[in-house]
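S.K.: My questions all concern the structure below.
The values are calculated or read from the model by the stated rules, or taken from the named source; none is laboratory data. Note that the coordinates shown come from a computational prediction; the quantities given were computed from them, not determined experimentally. Here the Cβ is made from the backbone with ideal geometry for all residues, glycine too, and neighbour counts use every protein chain on show. All accessible areas refer to the heavy atoms of the entire protein, side chains included, with ligands and DNA or RNA removed. Shrake-Rupley method; radii C 1.70, N 1.55, O 1.52, S 1.80 Å.
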Amino acid sequence: MVEDNRGKQLEDAIIENYKQEEDMMILVFAQWCINHGLEPEELYRAAYPQQDSNESLQRVSKLTVSREEAGDIPLDTVLGVLSMFGNEDLAMVVSEAAALLPQKRK
């Protein structure tokens, strides 16, 4: 019984850690969009048109700051964290959007 409780606690901790890391990935993506004058929801919908909306994206987007307050986020960082979480479609949309940005803003 004690082992079952420990196993459940470990499972809960792993799930919570994953959610926190996923939120960080979403925040990096959303802040990169804000930094480049792009709308995170629009890019997300372009990548996943079959999904209505993403509650996590809406929640985490509230944590973004203005372009002036934010630090630079390299494109490679955004693509890396998206790929790490299996968001290849979104990484492709981000790459396409980045290619259309003026050189100095990438």
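S.K.: Within the range 15-31, is even one residue hydrophobic (A, V, I, L, M, F, W, C), without any contact (Cβ under 8 Å) to a residue 12 or more places away in the chain and over 17 Å from Asp89 (Cα atoms)? Break it down into steps so the answer makes sense when it comes.
M.R.: Within the range 15-31, the subset hydrophobic (A, V, I, L, M, F, W, C) is 15, 24-30.
Checking which are without any contact (Cβ under 8 Å) to a residue 12 or more places away in the chain leaves us with 15.
Now restrict to residues that are over 17 Å from Asp89 (Cα atoms): 15.
Yes, because at least one residue in the range 15-31 is hydrophobic (A, V, I, L, M, F, W, C), without any contact (Cβ under 8 Å) to a residue 12 or more places away in the chain and over 17 Å from Asp89 (Cα atoms).
S.K.: Just to check your reading of the model, which residue among Ala91, Ala98, Ala30, Ala46 is at pLDDT 95 or above, in contact with a Leu (Cβ under 9 Å, 6 or more places away or on another chain) and open to solvent by 30 Å² or more (accessible area, probe 1.4 Å)? First the steps, then the outcome.
M.R.: Working: Ala91 fails: open to solvent by 30 Å² or more (accessible area, probe 1.4 Å); Ala98 fails: open to solvent by 30 Å² or more (accessible area, probe 1.4 Å); Ala30 fails: open to solvent by 30 Å² or more (accessible area, probe 1.4 Å).
Criteria check complete, one pass: Ala46.
S.K.: Please indicate, with yes or no, whether at least one residue in the range 10-24 is part of a helix (DSSP H, G or I), of a type in the set (Phe, Trp, Tyr) and modelled with pLDDT under 95.
M.R.: Yes - at least one qualifying residue is present in the range 10-24.
S.K.: I'd like the full set of residues that are part of a loop (DSSP other than H, G, I, E, B), in contact (Cβ under 8 Å) with a residue 12 or more places away in the chain, under 22 Å from Gln20 (Cβ atoms) and of a type outside the set (A, V, I, L, M, F, W, C), limited to the range 55-106. Walk me through how you get there before you give the answer.
M.R.: Of the range 55-106, the ones part of a loop (DSSP other than H, G, I, E, B) are 62-74, 85-87, 100-102, 106.
Checking which are in contact (Cβ under 8 Å) with a residue 12 or more places away in the chain leaves us with 63-67, 70, 72-73, 85, 87, 101, 106.
Retained after the next criterion (residues that are under 22 Å from Gln20 (Cβ atoms)): 63-65, 70, 73, 85, 87.
Result: Thr64, Asn87.
S.K.: Looking at Glu41, Glu22, Glu55, which one is under 13 Å from the mean Cα position of the chain (by Cα) and exposed (fewer than 13 other Cβ atoms within 10 Å of the Cβ)? I'd like the intermediate steps shown before the answer.
M.R.: On the way: Glu41 fails: exposed (fewer than 13 other Cβ atoms within 10 Å of the Cβ); Glu22 fails: exposed (fewer than 13 other Cβ atoms within 10 Å of the Cβ).
Just a single option satisfies the conditions, and that option is Glu55.
S.K.: Could you go through the range 73-87 and let me know if any residue there is surrounded by 10 or more Cβ atoms within 10 Å (Cβ to Cβ) and of a type in the set (D, E, K, R).
M.R.: Applying the first criterion (surrounded by 10 or more Cβ atoms within 10 Å (Cβ to Cβ)) to the range 73-87 yields 73-75, 77-85, 87.
Now restrict to residues that are of a type in the set (D, E, K, R): none.
Checked the range 73-87: no residue is surrounded by 10 or more Cβ atoms within 10 Å (Cβ to Cβ) and of a type in the set (D, E, K, R).
S.K.: Sticking with this one: Across the range 58-72, which residue is nearest to Ser95 (Cα to Cα) among those that are open to solvent by 60 Å² or more (accessible area, probe 1.4 Å) and of a type outside the set (D, E, K, R)?
M.R.: The qualifying residue nearest to Ser95 (Cα to Cα) is Gln58.
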